[in-house]
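Asker: Following this message is one structure expressed as structure tokens.
The values are calculated or read from the model by the stated rules, or taken from the named source; none is laboratory data. Small disclaimer: the values here were computed from a predicted structure and weren't measured. Neighbour counts run over all protein chains shown; Cβ positions are idealised from the backbone, glycine included.
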């Protein structure tokens, strides 16, 4: 699954699944554009890629800001001259709270980063991708797509469902132009995104479920690893998946089948 000679942009590359994906794609031979919200985040993963012998361009941009995303792609074109792969990974959990307590601006903030950010990441990549064809992977979640058990996460789950719908539409529209678009839907993955989640009054929401043996069929109570998601991303953007588009791959150890 070599990516030699190709350029891959990964959003949210500073941590978690984004970082693991950036490292994996660099290892597969791609020149990686490591895009983080802050320059320090991008520089940090870039240093790790370089230490491993990879090639990287660290870039800072807020994916919810159209001008910033457009400027990032302008740098890609100017400095690298092409783009073959996009991993739209940047996202937040946002605020988890009862619907009647969730502030409109809290809803909007989550949707702006997760859903509008995905749209902008893909929208401004298209002129570069269609030149030689390419692949896009959107990082969604099992929440809002196969499971609806995380009470209070209405904004987050809606954004993830929207990502899947957008990716399917993009696959149909961009397929004739040589661009494949797929989605990965992780379950519980060992990242730091949970630490940034604000939860209010969610303890007694919804229907409480108990899983005495653990809720992940493959691993019980043990979460998956970001690198396992990155492995699937690497497959989907490679020529090994050349006839795969418009589909979702659940990387969750079977969790969404029982949760």
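Asker: Run residue 149 past the list (1) over 13 Å from the mean Cα position of the chain (by Cα); (2) in a loop (DSSP other than H, G, I, E, B); (3) closer than 19 Å to residue 11 by Cα and report the number of the one that doesn't hold.
Answerer: (3)
Asker: Within segment 128-139, which residues are surrounded by fewer than 19 Cβ atoms within 10 Å (Cβ to Cβ) and either in contact with a helix residue (DSSP H, G or I) (Cβ under 6 Å, 6 or more places away or on another chain) or free of Cβ contacts under 8 Å to residues at least 24 places away in the same chain (or both)?
Answerer: Within segment 128-139, just 130 meets the criteria.
Asker: Now, a different point. Of the residues 26, 46, 67, 42, which is within 17 Å of residue 113 (Cα to Cα) and more than 14 Å from the chain's Cα centre (by Cα)?
Answerer: Just a single option satisfies the conditions, and that option is 67.
Asker: Can we say residue 111 is part of a helix (DSSP H, G or I), touching a residue at least 40 places away in the same chain (Cβ under 8 Å), in contact with a helix residue (DSSP H, G or I) (Cβ under 8 Å, 6 or more places away or on another chain) and surrounded by fewer than 19 Cβ atoms within 10 Å (Cβ to Cβ)?
Answerer: yes
Asker: Which of (1) surrounded by 16 or more Cβ atoms within 10 Å (Cβ to Cβ); (2) touching a residue at least 24 places away in the same chain (Cβ under 8 Å); (3) more than 16 Å from residue 8 (Cα to Cα) is the odd one out, the single condition residue 68 does not satisfy?
Answerer: So residue 68 meets the others, but not (2).
Asker: Further question on the same structure: If the requirement is being modelled with pLDDT under 95 and more than 15 Å from the chain's Cα centre (by Cα), which of these qualifies: 55, 31, 2?
Answerer: None of the other options fit; the residue is 2.
Asker: Considering only residues that are over 11 Å from residue 33 (Cβ atoms) and in a helix (DSSP H, G or I), which ones fall in segment 55-76?
Answerer: 66, 67, 68, 69, 70, 71, 74
Asker: Continuing with this model, one more query. Tell me, please, whether a residue that is exposed (fewer than 15 other Cβ atoms within 10 Å of the Cβ), in a helix (DSSP H, G or I), in contact with a strand residue (DSSP E or B) (Cβ under 8 Å, 6 or more places away or on another chain) and touching a residue at least 12 places away in the same chain (Cβ under 8 Å) can be found in segment 157-165.
Answerer: no
Asker: Identify all residues within segment 34-52 that are in a helix (DSSP H, G or I), in contact with a helix residue (DSSP H, G or I) (Cβ under 8 Å, 6 or more places away or on another chain) and either modelled with pLDDT under 95 or more than 10 Å from residue 10 (Cβ to Cβ) (or both); write none if there are none.
Answerer: Correct list: 48, 49.
Asker: Those residues that are more than 13 Å from residue 229 (Cα to Cα) and surrounded by fewer than 24 Cβ atoms within 10 Å (Cβ to Cβ), I need them from segment 16-28; list them, please.
Answerer: Across segment 16-28, the qualifying residues are 27, 28.
Asker: Sticking with this structure for a sec: Report, by residue number, each residue of segment 80-108 that is surrounded by fewer than 21 Cβ atoms within 10 Å (Cβ to Cβ), within 27 Å of residue 2 (Cα to Cα) and either touching a strand residue (DSSP E or B) at 6+ places or on another chain (Cβ under 6 Å) or modelled with pLDDT under 95 (or both).
Answerer: 80, 82
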